[in-house]
Amino acid sequence: MPGPYTDGHAGTYIIEGRTGPWELVIGLEVHAQVTSRAKLFSGSATDFGSEPNSQVSFVDAAMPGMLPVLNGECVRQAVRTGLALGAQINRWSRFDRKNYFYADLPQGYQISQYQHPIVGEGEIEIELEDGTRHTVGIERIHLEQDAGKSIHDLSPVFSYVDLNRSGVALMEIVSKPDMRSPAEAAAYVASLRAILRAIGSCDGNMQEGSMRADVNVSVRRPGTKFGTRCEIKNVNSIRFIQQAIAYEARRQVAILEEGGTIRQETRLFDPDKGETRSLRSKEDAHDYRYFPEPDLLPLELTEDFIAQCKASLPELPGAKRARFEAELGLSPYLSGVLTADADSSRWFETLLAETADRQGKPQRDVAEKAANWMTGELFGALNRLDLAIAESPVTPAQGAELLALVADGTLSGPLAKQVFEIMLETREDPGVIAEERGLKQVSDTGALERTIGDVMAANPDKVADYRGGKDKLFGFFVGQVMKASGGKANPAVVNALLKKALG
Amino acid sequence: MTIFTDLTLLAMRDGLAARDFTARELVGAHVTAVEAARPLNAFIVETPEIALAAADAADAALANGSAGLLAGIPVGIKDLFCTKGVQTTAASAILKGFTPRYESTVTARLFDAGAAMLGKLNLDEFAMGSSNETSAFGPVISPWRALGSQAPLVPGGSSGGSSAAVAARLCAAATGTDTGGSIRQPAAFTGIAGIKPTYGRCSRWGIIAFASSLDQAGVMARTVADCALMLEAMAGYDPKDSTSLNAPVPAYAKALSGSLKGKRIGIPREYRMDGMDSAVDALWQQGIAWARDAGAEIVDVSLPHTGEALPTYYIVAPAEASSNLARYDGVRYGMRVAPDGGTLNDMYEATRAAGFGHEVKRRIMIGTYVLSAGYYDAYYLKAQKVRALIAQDFEHAWESCDLLLTPTAPTAAFGLGAKMADPIAMYLNDVFTVPASLAGLPAMSIPAGLDPDGLPLGLQIIGRPLDEQGVLNASYALEQAAGFVAAPTRWW
């Protein structure tokens, strides 16, 4: 649908060609594996990484006489996803057969939704690194079954087929051609992934293929109608999506600037070379001979069912982020980081609840400290250890205990850092670590008074100078006392006692 | 002395219940009959050991009072039903040697009821045909012969093995499947009864698909009451088939009634075709008279889109078939022909070229064509619209009648090979049966008379959706009136 050029895209990505500026137009078809123990039309399991052909029912292998039965859980997840994207839920939808021959497509057709998808138009808000936000339209979401996998490198003469994925439920989430730069496409996928993970309809694991994208790219002179697009199939990371778009756009501009025309075609992205290459042209495109799947009845949804799906939705990332800003007083930056994915926000909210509870304070009063610690100390450590938040060796409860020990003066900042390092290694509770390893801050005035006495006795000249008006020497005494206490002295208590002792 | 093979299914049941004879005796007699009837080529696989084991189980069950509805009844199974551990081929070379590891819902129900399977019955390849001549296992020969002739006749199709076996007294009943007439037309050709229930009455799970929106399992037996009992055992909701109907199955046999009092029977005027066989027409008029005598009110009705039914069927059915048969690709089971150094596409082409017969290829090509970009709207989509109009014709008819009475087929059985060169002539066999298939309605053929050559002719009763009881009752009334007792003279 060619439309007039509108500038609403902050940081618009323009390729300055020899003959003038070129603008990108990008649309994405994201294939997201539906979180479900069973496949879309059979009871087979869907666990990743199982033995080849160990999760294959007679239906998945398309044995003679087998029939598909729609898995209600997959329908529920598709509807929840549609609702999370504010999309139209179609009360009546239908499955079609998409016919083509391939060794890993046992039926000789894929059951998909061609004409009547379960979810219609919706939208998604994305945010770029510079903080600008805008909206990308969703065209539709439909349910379809995945194919199996052909393995060509096990034998020089044979190809092998693994049908574990055959029949696994996918949602194909089709965007409108609303993106204008690789960064926007990346932000779109990141936002979409965050929403899917937040509502639990897809685990968003791009390495395992739970989420992958077909990327449509065309270029045009700003303000003119859409150019001819190429589709880059099956790109499986956000970084590759950006690389593929950037390469493809440059390729198309180079052709156009030489006076050539773009051939509509399907291309593949080669991550090793950072290039796209032609897979097949439009002329070679399959004629899929779509027709309504006669083995399944049309899918009709009741208002009740949709209401139940709606009621089951958790707070979505966008709403959570707004709440973090408004109710917890967190900065837009911290709110954004903490709601970027469901695991992080879940971890933070547990941490926050425990922290407020331990310290007997409202969440708003401890939120910033908790957020700073989590995004600074914890994320830093996880990054260093190459661990995801879900794999953190430290639990939110332990984090809350650590923050509480700092708040009540048991640990100083530097001590807290030491304890945290030990927690990462041993997974022990911070209280236990501080206790057993003697890392507690010393606030015992008797012990500190003795230490102060020793320090003063060892430095009579400095005491005299201080008393004679050299105020700056106060810091020297603090440092000596801290050193003598092995860093465990409570600086506030030391200050007060020193002031008294030095007069 | 009782000739076991001549007994009706109900008589067998009574005899077994009274312990007049054992299931082993009964089934044993049928095993012998099957072996003796190999010239008919009705069976692709004989399973005497399975039949006798079921007979023994039935005898035990009869002795301890746990016998099912069909305990010890010898039946044949059309080789379109997947049977666990027994080769299932759809009469296609592409599935030669294929042995399912699962049991179709319909056969599982029959076996649960105690039926004894004598073997897998021949059919047209993938149920595509009206004469049982397209089978990769060779044609079935009808047990019937025209008066004074030795020429082999076709048993009808696609359930030709079933019709021949039941007519030749090789089994008490057989399963059939009906996509456009594949139960009713062979029943008419061989002088037996056959019912195709409402689409969705019997589960399609485990039945090798031909045209999914039309395929429906049904029964072939020698009497209406026998069909009623078999259908009772086979029918019922199956969550494994999304198109199966979740409706209770009545005890058809018990409720069987020959009175048509208060029933309005419609005679569709469009079924009176130019050049209709005069014997067929005469039998139809006779049927109308019998129905009136049984108390029915005869009503003239119109089904205006009848003429479009056959072309519509020959778009919809091949379209679905072209997709349903895509799975026979040589990759996972069945025949594989892989030319040396060839590609995957070469393997597909060689496998399917060698594995499919002529008629199946013809229909795959027609189906692929009508679904292709640029032709879909003109053929498939239009055919779906006409199909809706045909269904609407019946709905209008039900406003003025309860059942319809028509001939089953335009002619009696023809000679082997007579129509193989002319597919259109072959397709015309289904002209009276296809409309009810397109509308998903229950329909039954009963043997009602003989033509001048001494060959059987059938009458068809069509009913409202789920009114199998009404169809069976009207058929029962006509069966009683017709008093059809003719049977083929044994020549094999």
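One table, with the values for the structure above:
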{"item": "Accessible carbon and sulfur surface of chain A relative to its total accessible area, %, 1.4 Å", "result": "50 percent"}
{"item": "Interface B:A - total buried accessible surface [probe 1.4 Å, Å², rounded to 100]", "result": "2800 Å²"}
{"item": "On Cα atoms only, tilt of A:413-426 relative to the major axis of chain A in degrees", "result": "50 degrees"}
{"item": "All Cα pairs of the protein assembly as shown, percent lying beyond 43 Å", "result": "51 percent"}
{"item": "Segment B:234-353 - percent relative contact order, Cα under 8 Å, separation 6 or more", "result": "19 percent"}
{"item": "Threshold 40 Å² - residues in segment B:291-324 whose accessible area is reduced by that much or more when the chain is no longer isolated, probe 1.4 Å", "result": "B:SER323"}
{"item": "Mean projection area, nm², convex hull over Cα of segment A:445-502", "result": "3.3 nm²"}
{"item": "Rounded accessible area of B:MET420 (nearest 10 Å², 1.4 Å probe)", "result": "80 Å²"}
{"item": "Over segment A:329-441, volume per residue of the alpha carbon convex hull, in Å³", "result": "89 Å³"}
{"item": "About the Cα centre, charge dipole magnitude for the protein assembly as shown (Lys/Arg +1, Asp/Glu -1 at Cβ), debye", "result": "560 debye"}
{"item": "Chain B: antiparallel DSSP beta bridges as a percent of all, rounded to 5", "result": "70 percent"}
{"item": "Drop in accessible area of at least 40 Å² in the complex versus isolated chain, residues of segment A:39-67, 1.4 Å probe", "result": "A:PHE58, A:MET63, A:PRO64, A:GLY65, A:MET66, A:LEU67"}
{"item": "Cα gyration tensor, chain B - rounded (a/c under 1.5), prolate or oblate", "result": "rounded"}
{"item": "Straight-distance crosslink candidates among lysines, where the alpha carbon sits under 17 Å from A:LYS39 and sequence neighbours closer than 8 are dropped", "result": "A:LYS149, B:LYS240"}
{"item": "Degrees, to the nearest 10: A:182-199 long Cα axis against longest axis of chain A", "result": "80 degrees"}
{"item": "Estimated 222 nm signal from helices in chain B, with DSSP H stretches of n ≥ 4 weighted -39500 (n - 2.57), rounded to 500", "result": "-11000 deg cm²/dmol"}
{"item": "Euclidean distance between Cα centres, segment A:190-218 to segment B:379-409, Å", "result": "48 Å"}
{"item": "Å² per residue, accessible surface of segment A:445-502 at 1.4 Å", "result": "56 Å²"}
{"item": "Complex-versus-alone comparison for segment B:81-113, residues with a loss of 30 Å² or more in accessible area, probe 1.4 Å", "result": "B:ARG101, B:TYR102"}
{"item": "Accessible surface, per residue, of chain B when the full set of protein chains is kept, probe 1.4 Å, Å²", "result": "33 Å²"}
{"item": "Helix runs (DSSP H) in chain B reaching 18 Å along axis by Cα, Kyte-Doolittle at least 0.5", "result": "B:23-36, B:48-64"}
{"item": "Helix A:445-458 vs. chain A, principal-axis angle (Cα, 0 to 90°, nearest 10)", "result": "70 degrees"}
{"item": "Cα-centred dipole magnitude for segment A:317-436, charges only on beta-carbon of K, R (+1) and D, E (-1), debye, nearest 20", "result": "480 debye"}
{"item": "Percent accessible area from carbon and sulfur atoms, chain B, protein chains only, probe 1.4 Å", "result": "55 percent"}
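The values are calculated or read from the model by the stated rules, or taken from the named source; none is laboratory data. Just so we're clear, the structure is a prediction, and the values are computed from it rather than from any experiment. As a convention, Cβ positions derive from the backbone with ideal geometry for all residues, glycine included, and neighbour counts pool all protein chains shown. For the accessible areas, the whole protein counts, side chains as well, though only heavy atoms, and no ligand, DNA or RNA atoms are used. Shrake-Rupley method; radii C 1.70, N 1.55, O 1.52, S 1.80 Å.
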